[in-house]
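Report on one structure; see the data block that follows.
The values are calculated or read from the model by the stated rules, or taken from the named source; none is laboratory data. The structure displayed is predicted, hence computed values, not measured ones. Cβ atoms come from the backbone with ideal geometry, glycine included; neighbour counts cover every protein chain shown. In case anyone asks, the SASA skips ligands and DNA or RNA and just uses the protein heavy atoms, side chains included. Shrake-Rupley method; radii C 1.70, N 1.55, O 1.52, S 1.80 Å.
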Amino acid sequence: MKQETQRLQLKEINESHVEDILKIRSNEMINQFVQRNSPKNNYDALGFILTIKERTRNHQTFYWGISLKDQAHLIGTICLWNFSEDRKTAEIGYELLPEYHRQGIMSEALTAVLHFGFNELNLQKILAMTDQSNENSKKLLSKHNFILQEDRNDKDFPGSLVFSKKYNGI
């Protein structure tokens, strides 16, 4: 499941990433756009990692830690999850530490995961939910030809916008 891009490694997370996951998932700037229970300590982060490992084993999710090729530390994550019953549609989620924003890193990771989703998993559509005030995320999705679904909303998070991208033979 490990993937490489020009600058990045996308890799399975494991117990050695506890501090990185804690740093990413408890970051205040990231969490202003995400509604979740953030880990408060290494124990919480470890619990999250173990849950992700189990969901990955069961093919409920495909979840990668993002690191620069020359570094061991994770700087973000990206995942495909929330698969439809027929496994033709999935949701994509991503987060990146703010000091790595505006460097094309998430765009590079997103390209790799879209390719994986459409070409390896044979998805027909990938959805993305993003907070309506998250301008960086909206720009990223538009750059990758996601279309705002103005007639849809995320029932669990009313402040979110729904974007979708259909398979087009990439």
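Tabulated results
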{"read-out": "All helices (runs of 4 or more DSSP H) inside region 1-72 with 3 or more residues being closer than 22 Å to N136 by Cα", "value": "18-25, 28-31"}
{"read-out": "Answer from R7, R36, R57 - the residue that is within 19 Å of I92 (Cβ to Cβ) and among the charged types (D, E, K, R)", "value": "R36"}
{"read-out": "Scope region 113-141; condition surrounded by fewer than 19 Cβ atoms within 10 Å (Cβ to Cβ) and assigned to a helix (DSSP H, G or I); matching residues", "value": "H115, F116, N119, E120, E135, N136, K138, K139"}
{"read-out": "Positions within region 26-43 being in contact with a Phe, Trp or Tyr (Cβ under 7 Å, 6 or more places away or on another chain) and either closer than 16 Å to E99 by Cα or in contact (Cβ under 8 Å) with a residue 24 or more places away in the chain (or both), in sequence order", "value": "Q35"}
{"read-out": "Residue count, region 34-68 (criterion: of a type outside the set (A, V, I, L, M), open to solvent by less than 60 Å² (accessible area, probe 1.4 Å) and in contact with a strand residue (DSSP E or B) (Cβ under 8 Å, 6 or more places away or on another chain))", "value": "7"}
{"read-out": "Selection count, region 105-133, where residues are farther than 17 Å from W81 by Cα and in contact with a strand residue (DSSP E or B) (Cβ under 9 Å, 6 or more places away or on another chain)", "value": "5"}
{"read-out": "Residue ID - surrounded by the fewest Cβ atoms within 10 Å (Cβ to Cβ), chosen from residues in region 10-24 that are under 21 Å from V113 (Cα atoms) and either free of Cβ contacts under 8 Å to residues at least 60 places away in the same chain or touching a Phe, Trp or Tyr at 6+ places or on another chain (Cβ under 7 Å) (or both)", "value": "N14"}
{"read-out": "Criterion (charged (D, E, K, R) and under 16 Å from the mean Cα position of the chain (by Cα)) met by exactly one of R7, R25", "value": "R25"}
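Okay, residues lined up against (1) touching a helix residue (DSSP H, G or I) at 6+ places or on another chain (Cβ under 9 Å); (2) farther than 28 Å from E135 by Cβ:
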| position | (1), (2) |
| --- | --- |
| H17 | yes, yes |
| D20 | yes, no |
| N37 | yes, no |
| L46 | yes, yes |
| I49 | yes, yes |
| S67 | yes, no |
| A72 | yes, yes |
| I78 | yes, no |
| E85 | no, yes |
